[in-house]
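Shown next, in structure tokens, is the structure this report addresses.
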Amino acid sequence: MVKAPFDATQAKSSVYQTGVWCPGIVAGPPVKKPGREVNAMVNIADLYQLFGELAGIDVHQSVPRTVDAQSILPYLVNPAQPAIRKTNFTQIGHEPPRQRRDQQSVPIQHYHLLADRSDQRRV
């Protein structure tokens, strides 16, 4: 269900903010000042990096390809941590019949650049 002020056609299965926003909850010994919110942008790859750090693994050395992962551990241990990511990239490919959209987006702080080629016909 999509609630106002958001548009249901620009929600899940899209690269609009309502389609990619997902709350995360982290708890455990490294968390300083529990019960607070962090309004910074993170990427799913950042969780991969966090899990590696908590396990004592250097993800960037362990994975044989480039991983766009930033450490989000500073958000847990420093309540005053400024935003680590300035941009983030999201893409949904066009693979009928599963995906009916061909979209890319780059949120940059308070702005959102979106390319939607879903309605263009291809030859």
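Just so you know, all these numbers are worked out from the coordinates, no wet-lab data involved. This one's a predicted model, so the numbers in the text were calculated from it and none came from an experiment. Cβ: placed from backbone, ideal geometry, glycine included. Neighbour counts: every protein chain shown.
Here the gap between residue 80 and residue 54, fully extended at 0.36 nm per residue and compared with their Cα-Cα distance, gives a gain of 7.3 nm. Its residue count N fixes a reference of 2.2 N^0.38 Å for region 20-84, and the Cα radius of gyration divided by that reference is 1.13. With each label modelled as a point 7 angstrom along the Cα→C-beta vector, the residue 116-residue 68 pair spans 2.1 nm.
Give me the number: length gained by fully extending residue 47 to residue 17, i.e. 0.36 nm times residue separation minus the C-alpha to C-alpha distance, one decimal in nm. Could the numbers behind the result be given before it?
Working: separation 30, 0.36 × 30 = 10.80 nm, distance 1.90 nm.
Stretched out fully, the residue 47 to residue 17 stretch lengthens by 8.9 nm.
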